[in-house]
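Below is one structure, written out as structure tokens, with a few remarks after it.
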Amino acid sequence: MTTTATAAQDAGAGDEGPGGEGGTPRRGPDRGPGRAGRVRGRLHRWDVRYSPYAFVAPFFLFFAAFGLFPLLYTGWASLHRVELAAPDDMRWVGLRNYTRLLDDDFFWNALGNTFTIGVLSTVPQLLMALGLAHLLHYRLRAANFWRVALLTPYATSVAAATLVFVLLYGRDYGMVNWALGAVGIDPVDWQSGTWTSRFAVSSIVIWRWTGYNALIYLAAMRAVPDDRYEAAALDGASRWQQFRHVTVPALRPTILFTIVVSTIGATQLFGEPLLFGGAGGQKGGASHQFQTLGLYLYEQGWFFFHLGRACAVAWTMFLILLLIAAVNATVARRLRASH
């Protein structure tokens, strides 16, 4: 009996299997992920590492094709004599195109007109934009409507806007001269006069860009902490004093940004004076009285067929913009240091 029970126990113990008690099978040694798992892990690492470059690659490809290459090729062409009739016939002239610009009175005239129109359009534009943003910053009925209305001129085609202003400034039947005649002022030939034509072109720029800059200022005003206005109000400051001593100092970086962007836009001004001048718009008037650098470039390249000289004008404008950017960086650094 004892021997039989012992044998039965040994047989039952043997039925537990290789895993020991409870019949659970023993696990073999951990061999790690298989080949498919290693491939997935490698693909994940590549995705994390290289996907950002793939996302931004289209921008750099388009920038290289339509931005960097034309810039470098224009600089190379500016050192050659190139005619529009034979663009493949390039003759090396070095800096001759640039020296001829310095001796050209029409170039200096265009540079002066660009500066004058830039000042006439930028200063009133930014002052009006700052005032409109200040009004919209406080509670105003139909505020969303007024914001959309401010942005409407910016969304309008420059061609459509300029043609409307040409009708407004018409010498014989323009609404502006009609309004002047209603108060006893003689009609003005807006296109033929030197300062009147510059003022007319500047008014188009002011109309198109004031609302855009106003919304930029409004966004910057929303970032100013309310406790500053509350502290100023407790000290007895009026709204005008709050605007001068709280809002404007807080908006200095934004104001500097809009000044630089508006200056760059004024340097590249082209569509407004071209369409305002009519059939001979590339001359900027009969006496070149409102010809900008953009119109001068256009005239040299596509009316006189001097592509090399036009490229030199383009690079001169580019160097002017670099100078503006350098001044902006210097002023911004000093503003940060003053704070």
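Between the helical axis of 194-222 and the longest alpha-carbon principal axis of the chain there is an angle of about 30 degrees. Take the chain with all the other protein chains still there, run a 1.4 Å probe, and you get 64 Å² of accessible area per residue. Note on the chain: GNM, Cα springs under 10 Å; of Leu251, Leu180, Leu293, the largest mean-square fluctuation is that of Leu180. In segment 231-314, the portion of solvent-accessible area held by carbon and sulfur atoms comes to 63 percent [1.4 Å probe, whole percent, DNA, RNA and ligands not counted].
Once you reduce segment 115-133 and segment 198-275 to the center of their Cα atoms, the two points are 9 Å from each other.
With springs only between Cα atoms under 10 Å apart, run a GNM on the chain and tell me which of Val39, Val327, Val166 wobbles the most. Of Val39, Val327, Val166, the most mobile in the Gaussian network model is Val39.
Could you work out the helix-only [θ] at 222 nm for the chain, with each DSSP H run of four or more residues adding -39,500 (n - 2.57) and the total divided by the number of residues, to the nearest 500 deg cm²/dmol? Walk me through the numbers before you get to the answer.
Details: 15 runs with 229 residues, N = 339.
Rounded to the nearest 500, it is -22000 deg cm²/dmol.
Normalised by 2.2 N^0.38 Å, where N is the number of residues, the alpha-carbon radius of gyration of the chain equals 1.76. Computed from the Kirkwood radius of its Cα pairs, the Stokes-Einstein diffusion coefficient for segment 90-154 at 37 °C and 0.692 mPa s stands at 207 µm²/s.
Computed from phi, the 3J(HN,Hα) profile of segment 323-332 under the Karplus parametrisation 6.51, -1.76, 1.60 (θ = phi - 60°) reads 5, 4, 5, 5, 4, 4, 5, 5, 5, 4 Hz, with x in place of Gly and Pro.
The angle separating the long axis of helix 158-168 from the principal Cα axis of greatest extent in the chain is about 30 degrees. For segment 52-168, the relative contact order comes to 10 percent (Cα pairs under 8 Å, sequence separation of at least 6).
Averaging 1/r over each pair of different alpha-carbon atoms in segment 254-323 and inverting the result gives 12.7 Å, the Kirkwood hydrodynamic radius. Residues whose amide H falls under 5 Å from that of His80, counting only those 5 or more places apart or on a different chain, are Val93, with hydrogens built in the peptide plane.
Working from Cα positions, state the angle (0 to 90°, nearest 10) between the long axis of helix 143-155 and the longest principal axis of the chain. The answer is roughly 70 degrees.
Just round it to a whole percent: the fraction of Cα-Cα distances in segment 148-243 exceeding 16 Å. Roughly 69 percent, rounded to a whole number.
Which of these, Gly285, Gly265, Gly41, has the largest mean-square fluctuation under a Gaussian network model of the chain (Cα springs below 10 Å)? Among Gly285, Gly265, Gly41, the largest mean-square fluctuation in the Gaussian network model of the chain belongs to Gly41. Rolling a 1.4 angstrom probe over segment 177-230 with all protein chains present gives an accessible area of which 61% lies on carbon and sulfur atoms.
The values are calculated or read from the model by the stated rules, or taken from the named source; none is laboratory data. Source: prediction; values computed, not measured. Surface areas here come from the heavy atoms of the whole protein model, side chains and all, with no ligands, DNA or RNA. Shrake-Rupley method; radii C 1.70, N 1.55, O 1.52, S 1.80 Å.
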